[in-house]
Each structure stands twice: as structure tokens, then as C-alpha cells.
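Since the structure comes first, as C-alpha cells, the remarks are kept for the end.
The values are calculated or read from the model by the stated rules, or taken from the named source; none is laboratory data. The model shown is predicted, which means the values in this text are computed figures rather than measured ones. Positions of Cβ are generated from backbone atoms using ideal geometry, with glycine treated the same way; all protein chains shown enter the neighbour counts.
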Amino acid sequence: MSNGNAATHRTTSDGVYYLLAAVVGVLVGAIGSVFHIAVEFLLDWPKFVIAHISGPLVYPVLAAVAMAMVLLSVYLVRRFAPEAAGSGVQEIEGAMEGLRTLHWWRVLPVKFFGGILSLGAGLVAGREGPTIHMGASISEAFTRATGLGLRDGRGLMAAGAAAGLAAAFSAPLAAVLFVIEETRRQFPYGFRTYTAVIVCSAASGAVTVAIGGARPFLFLEVPDMPLTLLPAFIVLGALLGGVGVLFNAGVLTGLESADKVGRRFTPYLWPAVVAAAIGVLALLRPEATQGGEGLVLTMAHEHLGVLTLAVIVVIRFVMTMASYSTGAPGGIFAPILAMATAFGLLFGGLLDLVVTLPPGTSTAFAVAAMGGLFTATVRAPLVGMVLVAELTGAYSLFLPVIVTCVMANIVAEALKGRPIYEQLLERTLRLAGQTPGVRGDDEAIGGWDEKGRRHPDHLMPDRAPPRA
């Protein structure tokens, strides 16, 4: 069967396509759960070192172990799959737009093993980036094996990415919405592809629950907030809008600075320095290491002073920039959530110095801040609202969270802030010598015509990508 591009491909029925989406979701949920378990197991390595080594010698040993893990992770990326560095979300968006090629056979193993090493070492990075990228890679493998057309293939790629997010945070609804908001420019909308995203995300979520349980990932008990406090959530959202723009600028500045160090000396110097610092901080300031999921719960249940919370905000900001710029696999969602929690608690603590707040208000600010900072950085307010609800189980806070997210989005827009993944994709294309509208290779088909004009979604050429 041929189409306007004279390319042949095998067609599939709706039932078969949905079955493929379900199978991909199950695989992504299983692999994502194993990835999570492996990272959690490896994160205990500093305790082993501390238990067997005492005195001043413990610091160089901690630094050396962390350096070995991170450098091996960076080596795997640079040697076998350079596109596996960092989050990977921008690579998926580029592939869906026909500007990048998703080499699933090399991304999948490098993201899996490299991610276990980098996250297990204690870098301030999240596992959602690797699981999203691995999910899209698994989808791409099925697309090439079955000869799906371009639209169906890109729909399945988006579905696999959503399944990866569902597996990372056990948040299938937020994962579906992530595709709708984050890839709204690239996703080939249609009943078939949209349904596949839902099926795939739900299947991944079911497997994740079966393995890890149904309790919200970051469950927090938060009382209902009186409507009289809504102005405070508006102010919190406005502040987070500015912090989000600053956060994005910091991520890009960190990457550029690391590149300069790499060009002048060696690309492994900066990762080695950051890893050594992570190793030492694992003993001195553990809150400055790891993705931050455990830190969220710790901060929410302990009554930390405003000075301590301010220090945590600053150190998490700095270490997130440093960790992401190493080039090791790792996302930014988890660090955003942890830093936002500290910021929300800090905001509540400062406000409590002025007026007496009801019990649990600071925790409510922390939950709302998660959605607000996510919105300001990713610029996906709907995802931010639903994600924090699924993560924390604080559904009674929907109105304050909505207010915070909307205000953060408005302020970020007023400050001319742009979505972080959009900026990261532009940077990736610039480093690769590409510009939007220009295909990078023969596999990056569709999305743009020969004259650099973007195809409307309903007119995208339907052609099966070459097999690996």
C-alpha cells in the first residue's frame, strides 16, 4: 500500500494498535519499576562506606566512589549514546517533530544502566527523565518492528513517554496530560493516537501499582484551607513564576559553563568535580544530594526553621544546576518538587511570623509550590495541578493549587520565560548544527516539508521509518 510519499507500510487495525500500546505500557511499567528499585538499592552505598571506614579517610573514599559511578555513567553516554544525556524529553519532542532520530537500541541500555549509576551515585536528578526516554525508546522499537506509519509511530512514541512518567511517579493521569500540554506542537492528534496514550499510560500505571503499591508516591496529609488564604497562594504563585524563570536560566547557564570547561580541559573534569562534591555532601549535607523524593517527606514532617529551609532552597538550586550539567542521565522533575517543597515551607514559615496560620498551612503551601514551580519551568499548568494531586493525595487542595499554578504561569509569561524543554531542544539542535525546519538525517522524516514549512498535523506524511 502506498501513499503520497510513495512509501509502503503495513497498516494495523485499531484493536491491534491499542494492543501494542498496552504491551508497551506493561513493559515500560515493569522496566521503570525495576529501574526505581535498582536506584533505591544503590543509593544506600554511602551508609556502607561510612559503616566500614571512619575518620578523615571517609571523605576521599566517598568522593572516589561517587566519581567512579558518575564518570562511568558519563562515559557510557558519550561513547554509545550522546542523546541519552540529561532528561531526554527534548530528544523525544525533536523526534516527534522530525528533527531528531530516536536510536532506541542504544538509548535504552545507556539510559537504564547509566541512569542507575548517576542517580544511584546521589546526583540531584530525577528518575522520570530516564523512564520517559526509555518508554519512548521501547515504543520506537515496536514501531520499527511492526512497520507502523509515521502518525501511528509518533503516537505510540508519545504513549511510551507518557507510560514512562506514569511509571516514575505512579501518576497515569498526569502522564496523559503531559503529552497533551508538553508535546502539543508535535503530537499527531487523533482518536486513535490519543486513545493509545491513555491505554499505554494506564497499563504502565497498573504494573507500577502491582509492584510498588497504590499509595500516593509522596503522600501528605493536608487539611482543607480556608478561602481567606487564597491571596497568600496567589502571592506564592507569583514568586514561583520568577523562581521558575531563574531555574530555567540556571539550567542553561550550567550546561554552557560545563561545555566551556570540557572544551578547555576534558569533558570528564566537570562531572568528576560535581561527583566528588556529591560524595562528600552525602555525609555532611545529605539534603544536598539525590533526587529529593525522600527529602520532600522529611521536610514536610519536620518543623524546620526558616533559615534552614532557605539554605536548602539555595543548595538544592545550585546542586541541581551542577548535576544536570554533568551530562549524565537524569531528569529535573524530582529536583523541582524537592526545591519547591522547601520554598513553600519557607514561604509558610515567613508568613507565620507575621500572622498566625492554621495548623498544616505550611504543608499546604509546600504542595501548591510543587505545582507552581513545575508550571513556571515546564509551562504546563494543567500537568502541574494534576501531578501534585496524584503524587501527594492532597485532592482537597485543588483550588489553592490551581490558583498557585495559574499565577506562576502568568508571571513566568510576563517575564518572557519559555518552557525548559523547548529551550533545551533548541540548544540540542544548535549544537548539532540544525535549525527548526531542517531535517537532520534521512530518518527524521515528516513534520517539515522540503521548503522548511511545517506540515499541519492532519497532513503529516505517513511513512514507516527505516528499520534499525
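For the residues Gly327, Gly349, Gly371, the requirement of being part of a loop (DSSP other than H, G, I, E, B) and not aliphatic (A, V, I, L, M) singles out Gly327. Consider region 247-269 and keep the residues that are surrounded by fewer than 16 Cβ atoms within 10 Å (Cβ to Cβ) and touching a residue at least 24 places away in the same chain (Cβ under 8 Å). The one that is farthest from Ala68 (Cα to Cα) is Thr253.
Filtered by the rule that a residue be over 20 Å from the mean Cα position of the chain (by Cα) and farther than 25 Å from Leu148 by Cα, region 171-206 gives a lone residue, Ala206. What do you reckon, is Val207 in the same structural domain as Thr341 (by TED's automatic domain parsing), in contact (Cβ under 8 Å) with a residue 12 or more places away in the chain and among the aliphatic types (A, V, I, L, M)? No; evaluated as a whole, the condition is false for this residue. Of the residues in region 165-187, at least one is among the aromatic types (Phe, Trp, Tyr) and not in a helix (DSSP H, G or I). If you go through region 382-405 and pick out every residue that is in a helix (DSSP H, G or I), out of contact with any Cys (no Cβ under 8 Å at 6 or more places or on another chain), of a type in the set (Gly, Ala, Ser) and farther than 17 Å from Leu227 by Cβ, you end up with 1. Could you say whether any residue in region 223-236 is without any contact (Cβ under 8 Å) to a residue 12 or more places away in the chain, surrounded by fewer than 22 Cβ atoms within 10 Å (Cβ to Cβ) and acidic (Asp, Glu)? Within region 223-236, none of the residues are without any contact (Cβ under 8 Å) to a residue 12 or more places away in the chain, surrounded by fewer than 22 Cβ atoms within 10 Å (Cβ to Cβ) and acidic (Asp, Glu). Note on region 291-303: residues that are assigned to a loop (DSSP other than H, G, I, E, B) and surrounded by fewer than 14 Cβ atoms within 10 Å (Cβ to Cβ) amount to 2. Taken together, His52, His103, His133 contain a single residue that is assigned by TED's automatic domain parsing to the domain that holds Ala206, out of contact with any Ser or Thr (no Cβ under 8 Å at 6 or more places or on another chain) and either buried (at least 17 other Cβ atoms within 10 Å of the Cβ) or under 21 Å from Arg427 (Cα atoms) (or both), which is His103. Residues in region 247-290 that are outside any helix (DSSP H, G or I) and out of contact with any Asp or Glu (no Cβ under 9 Å at 6 or more places or on another chain) were compared, and the one that is nearest to Met319 (Cα to Cα) is Thr289. Can you confirm whether Phe317 is part of a helix (DSSP H, G or I), under 30 Å from Ala272 (Cα atoms) and aromatic (Phe, Trp, Tyr)? Judged against the criteria, Phe317 is a match.
Here Thr101, Thr143 are screened, and the one residue that is more than 19 Å from the chain's Cα centre (by Cα), part of a loop (DSSP other than H, G, I, E, B), farther than 19 Å from Thr320 by Cβ and not aromatic (Phe, Trp, Tyr) is Thr101.
The condition of being touching a helix residue (DSSP H, G or I) at 6+ places or on another chain (Cβ under 9 Å) and either assigned by TED's automatic domain parsing to the domain that holds Ala380 or surrounded by fewer than 24 Cβ atoms within 10 Å (Cβ to Cβ) (or both) does not hold for Phe169.
Would you please name the residue that is nearest to Gly126 (Cα to Cα), looking only at residues in region 271-313 that are of a type in the set (S, T, N, Q) and free of Cβ contacts under 8 Å to residues at least 24 places away in the same chain? Here the answer is Thr298. Among the residues of region 141-153, is any under 23 Å from Gly86 (Cβ atoms) and not basic (Lys, Arg)? Among the residues of region 141-153, at least one is under 23 Å from Gly86 (Cβ atoms) and not basic (Lys, Arg), which makes the answer yes.
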